[in-house]
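The next block holds one structure in the form of structure tokens; read it before the comments.
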């Protein structure tokens, strides 16, 4: 059993919704990945796909369940709800594989919470280019990570 058994809170979900935005027609993101709803990706998303608001909500709920499980499994130290929500937003945007291989996770699991927090802004690139929107998201995630419960 993992150390944490947390689920994304309404605050974490709101952060994800804010930065992902809602698109009911499939589009290609900055690096060409087909995306729909609140940043949902996968083999089910193709050119021409349209969904309803209700379907977008359900996709987000399903995706968050997967990310909740993944972050709970990867983090081996006790964290608070805000730290968890920040890691969910980070992973939702970049993928669990990015979190798994990150210095951020290594530092966090070593108990160095401040150094882990300082890693968030380093993840501000897409397609090899700095993206202001990604830096804004990483700074918001870092701020949430550093907010006591």
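The values are calculated or read from the model by the stated rules, or taken from the named source; none is laboratory data. Note that the structure is predicted; figures quoted are calculated from it, not measured. Neighbour counts are summed over all protein chains in view; Cβ atoms, including those assigned to glycine, are modelled from backbone coordinates with ideal geometry.
Every condition in (1) touching a residue at least 40 places away in the same chain (Cβ under 8 Å); (2) surrounded by 15 or more Cβ atoms within 10 Å (Cβ to Cβ); (3) outside any loop (DSSP other than H, G, I, E, B) is met by residue 79 except one, and the failing one is (3). Condition check for residue 56 on (1) in contact with a helix residue (DSSP H, G or I) (Cβ under 8 Å, 6 or more places away or on another chain); (2) part of a helix (DSSP H, G or I); (3) touching a residue at least 12 places away in the same chain (Cβ under 8 Å): one failure, at (1).
Per the conditions (1) over 12 Å from the mean Cα position of the chain (by Cα); (2) part of a helix (DSSP H, G or I); (3) closer than 17 Å to residue 7 by Cβ, the sole criterion not satisfied by residue 106 is (3).
Every residue, every condition in (1) over 16 Å from residue 17 (Cα atoms); (2) out of contact with any helix residue (DSSP H, G or I) (no Cβ under 6 Å at 6 or more places or on another chain); (3) touching a residue at least 12 places away in the same chain (Cβ under 8 Å), yes or no:
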| residue | (1), (2), (3) |
| --- | --- |
| 89 | no, no, yes |
| 113 | yes, yes, yes |
| 121 | yes, no, yes |
| 129 | yes, yes, no |
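In segment 18-30, the count of residues that are closer than 17 Å to residue 134 by Cα and at pLDDT below 95 is one or more.
Residues in segment 23-34 include none that are surrounded by 13 or more Cβ atoms within 10 Å (Cβ to Cβ) and either assigned to a helix (DSSP H, G or I) or at positive phi (or both). The residues of segment 36-53 that are outside any loop (DSSP other than H, G, I, E, B) and over 17 Å from residue 90 (Cβ atoms), listed by number, are 36, 37, 50, 53.
Here 93, 69 are screened, and the one residue that is at pLDDT 95 or above, closer than 17 Å to residue 20 by Cα and in a helix (DSSP H, G or I) is 93.
The set of residues from segment 1-22 being touching a residue at least 12 places away in the same chain (Cβ under 8 Å), surrounded by fewer than 19 Cβ atoms within 10 Å (Cβ to Cβ) and in a loop (DSSP other than H, G, I, E, B) comprises 2, 3, 5, 7, 9, 21, 22. Just wondering, is there one or more residues in segment 122-136 that are closer than 22 Å to residue 77 by Cα and over 15 Å from the mean Cα position of the chain (by Cα)? Checking segment 122-136: not a single residue is closer than 22 Å to residue 77 by Cα and over 15 Å from the mean Cα position of the chain (by Cα).
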